[in-house]
């Protein structure tokens with residue numbers, strides 16, 4: 001799928017805060033033969049981010065040029081979670097790109113139906129290859145996974161790219177549910193329903209009462 005966003009050159013003014021108040025987001029486009037401060041429409045950027053992944057290739061339209069790029073970094077406001085700055089990387093057309101590709105699980109694991117717990121241990125896989133071969137997402141079918149089974153990186157089949165994440169790394173697994181520990185109450189003599197511990201002597205039925213300690217005289 002093709003994704004496009006329009007960008008305009010940005011000067012030193014207005015400052016980033018004032019720029020955001022006008023509906024634009026400041027950013028930087030850098031890489032092969034380009035290093036340009038830019039601004040993009042906040043509305044267009046939010047719409048774009050809702051459709052892409054971190055490894056999607058984007059076409060940036062700037063000064064009549066169409067430059068392929070990848071999102072390198074997104075800064076968000078800590079309170080509102082809105083984007084406040086974006087970095088876009090434009091790679092050389094003949095150079096490989098190293099990037100993290102997100103993982104998406106598909107299907108309901110057989111082990112979950114049997115009571116197991118699905119654990120996603122790795123949500124991205126690092127790959128290296130030509131920009132046109134970078135996948136947007138790595139989809140893994142987990143419907144066949146039973147309890148105790150897993151999918152490892154070396155089981156992935158990706159065309160045109162080299163997988164840099166170690167092959168023995170586990171991506172997703174199904175583990176058995178933890179057995180609840182049952183607490184066993186110790187025997188308490190004289191408590192109704194208490195079970196005496198093994199080897200303990202039963203309490204004497206007619207034990208002589210222990211004389212009470214004399215009461216201490218009250219201080220006047």
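The values are calculated or read from the model by the stated rules, or taken from the named source; none is laboratory data. Model, not experiment: these values are computed from the prediction. Heads up, the Cβs are rebuilt from the backbone with ideal geometry, glycines too, and the neighbour counts pull from every protein chain shown.
Checking each residue in the stretch 1-50 for being surrounded by 18 or more Cβ atoms within 10 Å (Cβ to Cβ) and without any contact (Cβ under 8 Å) to a residue 24 or more places away in the chain picks out only 24. Among the residues making up the stretch 140-161, those that are under 18 Å from residue 102 (Cβ atoms) and surrounded by 12 or more Cβ atoms within 10 Å (Cβ to Cβ) are 140, 142, 151, 152, 153, 156, 158, 161.
Residues of the stretch 130-161 that are farther than 25 Å from residue 116 by Cα and without any contact (Cβ under 8 Å) to a residue 40 or more places away in the chain: 130, 133, 157, 158, 159, 160, 161. Residues considered: 45, 62, 19. Of these, the only one that is outside the structural domain of residue 137 (by TED's automatic domain parsing), under 19 Å from residue 93 (Cα atoms) and in contact with a strand residue (DSSP E or B) (Cβ under 6 Å, 6 or more places away or on another chain) is 62. Among the residues in the stretch 51-63, are any free of Cβ contacts under 8 Å to residues at least 40 places away in the same chain and surrounded by fewer than 19 Cβ atoms within 10 Å (Cβ to Cβ)? No, the stretch 51-63 contains no residue that is free of Cβ contacts under 8 Å to residues at least 40 places away in the same chain and surrounded by fewer than 19 Cβ atoms within 10 Å (Cβ to Cβ).
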